[in-house]
1. Pop the C-beta distance of residue 121 and residue 435 into the FRET formula with R0 = 41 Å and round what comes out to the nearest 0.05.
2. For Cα pairs less than 8 Å apart in space and 6+ apart in sequence, what is the mean separation divided by the residue count of the chain, i.e. the relative contact order in percent?
3. Calculate, in nm to one decimal, what residue 33 and residue 110 gain on full extension: separation in residues at 0.36 nm each, minus their alpha carbon distance.
4. Using 16 Å as the cut-off for backbone N distance, which residues of segment 512-532 belong to the label zone defined by a point 7 Å from the Cα of residue 131 along Cα→Cβ?
5. Consider a paramagnetic label point 7 Å from the Cα of residue 321 along Cα→Cβ; state which residues of segment 257-288 have an amide N under 19 Å from it.
6. Taking Cα centroids, how far is segment 300-359 from segment 80-154 in Å?
7. Ranking request for peptides 278-291, 30-43: highest mean number of other beta-carbon atoms within 10 Å first, then the rest in descending order.
8. Classify segment 181-373: rounded, prolate or oblate, from the alpha-carbon gyration tensor (a ≥ b ≥ c, eigenvalue square roots; a/c under 1.5 rounded; otherwise prolate if a/b is larger than b/c)?
């Protein structure tokens, strides 16, 4: 195998249709394997089915075990998703399971310190506090649950039932709020319910690919390999990339629009303006299958390409060229991710991508589809099962019939299920904790002390007196150091369960090895909590009636019955024998739906839809009466909004716009990849990308240490002079305060991008604006000798750094140049 650090995508296997428009392209197999040094395939004692857990692609793989330890992985050639390929995080990430700093016993806080204890003591501390809160009037409102995009369906569903039917709290969300909330919001707004219309196999058949704020080369490496292989084969698709950075995808593209971050809506309006003005839309499809075309036409008429060119900072000629590419393609595949989702007017811009496909009738057929992508491996499951604030089964919290369905399924009073207002999103949950109304915050498999915006504020909240923080994770993360109780969890390869990737493909992950020490699966932890809380249904029996992963999956399947994500035709046995299966799948003899909406009928009927809609500018919820008055009759909605400037603009004090994102070698806050030697060494530290023009003005050269400051905080990193557009800088958001596996947390320097980001969010999806923070950059110079990156910034509760620097007003070992 070639060096997959130097070449993350591996060797090419070109393919394509035999002629333009033909549907005979088949992606060739290529099996990637990596075993521990000194271990040969013949030495492996067992191969266990699994799929990737460090991105959303859902790459199918087998885990190699020997002597009770994971010793490697190999791709599965027969799986529809990856045809045997694995990305760098797939190949190397399993080593994190064996990290020496795995949590192996529960911890509780005594005298200000976290000390080891037994499970009974840890759980009873949580249960005693829970029962005390529930004994008070409105006690259900004192609970906040903040989960992940990395657990299994069975675990999310159990957590959702505990929170919604047992405790009755609306304060439940996932870190998917940071990642895929806008994907869900746009799918609901346009098509009636969540669920990707397209399929990865659309890459095989398309004649054009548009990547809207999606750095697929680094976030989903195997999907990018599929795109590259098509581009190297016969009849290759053209490619458009919209991104302020010159990413690997942008370098590959036929056309790269390096827009100013925060201006996506202006660009989309101009592109639709040109497509409609040139008559490049399907009039019959629009008439028969959509609602809202005239309002869309009127809105985009006020956004000609010359106006967008000025707002977005790209040549008008490029906008016209992009519209030509989009308007003349016969099979267009669009993928969308954080460049749109974490930016200004996120839901409105994402809906414009849907609009483009709807007005061209390019949905539900091979090569013509939309993938409103996910960033996390099980983000779709969080949304399906209701652990992110939605109702399970993609039900509508405003529809009383949907509430009754759940109440009957769970055998509880309908009034127990919170539906009197919209579910509480993550940023509001933390606000309630800040205000003191949430008094128990249970955080599972996520690290908000690094991943949430405006980290100085988040640390203050986590350290707040009177708030019990429960953290359920693998390691003593930055967040776990604030906890009152830490629960050691099992992870991928150490437990059994299912999850859904970004194109609705369900995989089973089998258990390959035992978890270390006393670590337990998240499902076992939730089941234990429900038992100790003695949560009961209306008949007096246990609320939770399942006891292991497979019985939990069967319960979840029943909840999905008749809904868009119906999985009643899928079983563990099928997943073990067939590999990945796409939902909906209602018949055990059927393969599942490769694409949605092939018949032009959408999930917008009032009794079936997941939402009655929102005002895309204010986020105000539309009424059921207004929605029914639209008489959708299975037609999709075309939404239209004018461009409006972002929440934070540059000025003399903060003249640059910061955008954050990912690198190919790390995942989220590096809790796993930072403990993987090859991945850690490939990208050991945070950095700032800056344009050559801005660097020259600031007197900064490659490798210089720089302070990056916003109104909220400051970080100290090295500069990389790159092809990013002038006026924009970039930082990866993965890095906390220390290098996992090498140095301790105390005294770490500030290098987390979210020290700088703003506490604001999209009005509909409630996804934070990580892409539009105003900052300034200052070259840092050493004044007292030693390494500028070894400054000690002190510690707070739990060993978390107290950050000092120019913006924070503290003393430092550097001075402005």
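1. In this case the efficiency is close to 0.85.
2. So the answer I get is 18 percent.
3. 23.1 nm
4. Within reach of a label on residue 131: 528-532.
5. The answer is 257-260, 267-268, 270-272, 274-275.
6. Measuring centre to centre over Cα atoms gives 41 Å.
7. Ranked by mean Cβ neighbours within 10 Å, highest first: 278-291, 30-43.
8. Rounded, since a/c falls under 1.5.
Values in this text are rule-based calculations from the coordinates and carry no lab data. From a predicted model like this one, the values you see are computed outputs, not experimental measurements. Counting neighbours? That spans all protein chains shown, and the Cβs are built from the backbone with ideal geometry, glycine included.
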